[in-house]
1. May I ask which residue of 214, 56, 40 lies farthest towards the positive end of the charge dipole of the chain, with charges of +1 (Lys, Arg) and -1 (Asp, Glu) on Cβ and the Cα centre as origin?
2. Could you give the length gained on full extension between residue 98 and residue 148, defined as 0.36 nm per residue of separation minus the Cα-Cα distance, in nm?
3. Please work out how much length the chain gains when fully extended from residue 82 to residue 187, using 0.36 nm per residue of separation minus the C-alpha to C-alpha distance, in nm with one decimal.
4. Jot down the per residue volume, in cubic angstrom and as a whole number, of the convex hull over the alpha-carbon atoms of the chain.
5. List, largest first, the extents of the alpha carbons of segment 70-168 along their principal axes, each in whole Å.
6. Between 191, 111, 133, whose Cα lies farthest towards the positive end of the dipole of segment 109-205 when Lys and Arg beta carbons carry +1 and Asp and Glu beta carbons carry -1, centred on the Cα centre?
7. If you place +1 on the Cβ of every Lys and Arg and -1 on the Cβ of every Asp and Glu, how big does the dipole about the Cα centre of segment 60-202 come out, in debye to the nearest 20?
8. Could you give the dipole magnitude of segment 178-235 about its Cα centre, charging the beta-carbon of Lys and Arg +1 and that of Asp and Glu -1, in debye to the nearest 20?
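Read the figures in this text as sums done on the coordinates, not as results from a lab. Small disclaimer: the values here were computed from a predicted structure and weren't measured. All Cβ positions, even for glycine, are placed from backbone atoms using ideal geometry, and neighbour counts span all protein chains on display.
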Amino acid sequence: MKAIVFAILSFCFISAHAQDFTSADQVIDKYLEVTKIKANAASITDLVMNYTSESPRGVAETEIKYQFPLKYNMSIFSNGMELMSTVYDGEKLARKSSFGNNAPQEPKTGNAAKAEAQKSNPFFELDYKNQGFSANLLPKEGDFYVVEFKDSEGKTWKDYYNSKTGFKDKSWVKMESPRGSFETTVLIENYKAFKGSDILFPVVKKQTTQMGEISNELQSIKVNKGLKAKDFEIK
């Protein structure tokens with residue numbers, strides 16, 4: 001009897017161990033499955049996503065417009081005034097800001113612009129290889145599969161996928177700036193579907209940087225509203 005029990009327990013252990021993912025592709029495929037991105041993203045031509053944000057600087061609202069395969073327009077407002085904006089028209093990426101001297105920045109072009117724009121894509125994992133990114137599975141950390149992504153410019157970041165649920169729960173990146181390097185961690189919570197799509201989107205993103213914490217909450221999504229080229233013009 002003891003031998004039988006031992007054999008059963010050994011089989012269960014081997015079966016459970018065999019289910020562990022051994023490649024980034026497996027982890028990413030599970031994420032695309034549980035979020036229902038794989039099954040539904042192809043039917044979406046454009047999205048409008050609205051967030052509310054709280055930070056040490058106060059409360060703000062963010063609107064992000066996407067047109068696929070990928071153009072996007074992000075604007076951040078506070079008290080009815082636009083604070084920052086980023087526009088990618090499919091070739092160039094331009095930023096404006098009301099902070100500092102407010103001098104216009106030269107738009108990014110080529111691979112640098114494309115890579116930065118693709119990182120904002122809510123369906124990034126679906127087509128990352130065709131967009132010049134690579135993914136590598138790092139050693140597991142607790143309950144998390146850790147996938148390191150690299151863009152065509154050689155920049156990397158780590159995404160942490162929950163081994164129990166398949167969802168992405170955290171993202172980490174180290175960035176360089178004129179003031180030195182700094183780290184940013186984003187905690188991701190409460191995936192849910194919004195009207196118009198079965199896809200499960202992350203509702204809360206809590207971003208921690210050297211400037212403090214920024215909490216973003218997704219309030220609404222509009223699907224296939226028929227966005228036009230003028231919505232993504234760089235002015």
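1. Checked the options; the winner is 40.
2. 14.6 nm
3. Working it through step by step, the gained length comes to 35.2 nm.
4. 157
5. Taking the Cα atoms of segment 70-168, the three principal extents are 45, 33, 22 Å.
6. Of the candidates, 191 comes out farthest on the positive side.
7. For segment 60-202, the charge dipole is close to 80 debye.
8. About 340 debye.
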